Amino acid sequence: MKHLLRLVPVLGALMLSGIARGDGLRTSLRLLAFHPGLSAPEVFLHDPSAAEETAAVKAEIKSYLNHEAFPLVLTGRKLVITTSPDRASITRDADRFGEATLPDGARSAILLFLPAAPDVKSKAQILPIEDSKKAFPAGSFRVSNLSPRPVRIMLEKENFDFKPGQTLLIEDPPVRENQHSGMKAFAFTDNEWRRIGSGLWPHPGTSRTLQILFHNPASGQVQMRAFDDVPPRDPELEPAAIP
C-alpha cells in the first residue's frame, strides 16, 4: 500500500495557534480524557467572548471516542470548561477544568484532556485536534510526541521521526498481508536510540487512531497511548443540532 507522512502544525506540545475572531463559528466537539481520572460525566463549555446571558453547553469528557459530539456556536475561538453552568465559574479556580483555543476555522474538533502542569491552576491542559476529513482522514494514524525527547517509530522497515512537541499524520501506513504493521518505537536518550515499545499496529481501515507519546514521570520513560476513533464525518453536517 502507498503511504504518506504529513506534518500537522503544532505550537509547543499542548496548544494550537492561528486565532481569528468571527461572528459565530458553528462547531462540534468531542471531549476525550487522556486517562480515566480526567473523565467527567458533566462539564460545561463556556464561550468567554459571548454575551453575558449566553448559556453554557453541557458536555461529557469520555475515556473513549465515538461519534457523539456537542454542537455549539462560538463568538471567538477560546473555550473555558468548568464544572458549573454558572458563567461566573469561568473565573473561579475551583470550578475551572481547563481552557482551549480551537484551530482557526475548525468546524469539528477533539479536545484531549491531559494532566495539568504543576503550575497550572486548572485540572487539565487541553490539546485541540482538528477533526475534519482533511485534517484527520480515514485510514490514518495521528501521532503526537508530547514528550521532551525525539522519538522514532518504525512501521515495517520505514522510520517516522518525531521531534518533541511535533505531530505527524501517517496516512495509509505500510502493512503486511494481514493488514498489520510491525511496529518498533525508540526514544533518543543519552545520545542513543533506546527501544521503548514494539508490537503490531492494525491498519485503521475506514477508521482512525490517535497515538500519543508522553513522558511518564513515575518511570522516567517515554510511553505511548492509543485511542481508536471512528470514521470521519463531513464537518458541515456535524453541527446539525444548532439552529
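The values are calculated or read from the model by the stated rules, or taken from the named source; none is laboratory data. What you are looking at is a predicted structure, and each value in this text was computed from that prediction instead of being measured. Cβ atoms come from the backbone with ideal geometry, glycine included; neighbour counts cover every protein chain shown.
The condition (being in the same structural domain as Asn191 (by TED's automatic domain parsing) and touching a residue at least 40 places away in the same chain (Cβ under 8 Å)) is satisfied by just one residue among Ser147, Ser108: Ser147. When Ser63 is tested against (1) farther than 23 Å from Leu213 by Cα; (2) surrounded by fewer than 17 Cβ atoms within 10 Å (Cβ to Cβ); (3) in contact with a His (Cβ under 8 Å, 6 or more places away or on another chain), exactly one condition is not met: (1). For Gly197, indicate whether it is farther than 18 Å from Asp161 by Cβ, under 24 Å from the mean Cα position of the chain (by Cα) and either surrounded by fewer than 19 Cβ atoms within 10 Å (Cβ to Cβ) or among the aliphatic types (A, V, I, L, M) (or both). Against the criterion (farther than 18 Å from Asp161 by Cβ, under 24 Å from the mean Cα position of the chain (by Cα) and either surrounded by fewer than 19 Cβ atoms within 10 Å (Cβ to Cβ) or among the aliphatic types (A, V, I, L, M) (or both)), Gly197 does not qualify. Considering segment 189-215 alone, what residues qualify as being of a type in the set (D, E, K, R) and within 17 Å of Glu158 (Cβ to Cβ)? Arg195 - this is the single residue of segment 189-215 that is of a type in the set (D, E, K, R) and within 17 Å of Glu158 (Cβ to Cβ). Could you grab me the full set of residues in segment 64-83 that are over 10 Å from His46 (Cα atoms) and among the polar types (S, T, N, Q)? Across segment 64-83, the qualifying residues are Asn66, Thr75, Thr83. Selection of segment 67-82 for residues being under 17 Å from Leu112 (Cα atoms) and either in a loop (DSSP other than H, G, I, E, B) or of a type in the set (Asp, Glu) (or both) yields His67, Glu68, Ala69, Arg77.
Applying the selection to segment 126-165, what residues are among the polar types (S, T, N, Q), farther than 21 Å from Asn66 by Cα and buried (at least 21 other Cβ atoms within 10 Å of the Cβ)?
First, pick out the residues of segment 126-165 that are among the polar types (S, T, N, Q): 132, 140, 144-145, 147, 159.
Filter once more, so that each one left must be farther than 21 Å from Asn66 by Cα: 145, 147, 159.
Asn145, Ser147 - these are the residues of segment 126-165 that are among the polar types (S, T, N, Q), farther than 21 Å from Asn66 by Cα and buried (at least 21 other Cβ atoms within 10 Å of the Cβ).
All of (1) at pLDDT 95 or above; (2) surrounded by fewer than 18 Cβ atoms within 10 Å (Cβ to Cβ); (3) more than 29 Å from Ala116 (Cα to Cα); (4) hydrophobic (A, V, I, L, M, F, W, C) hold for Phe188 with one exception: (3).
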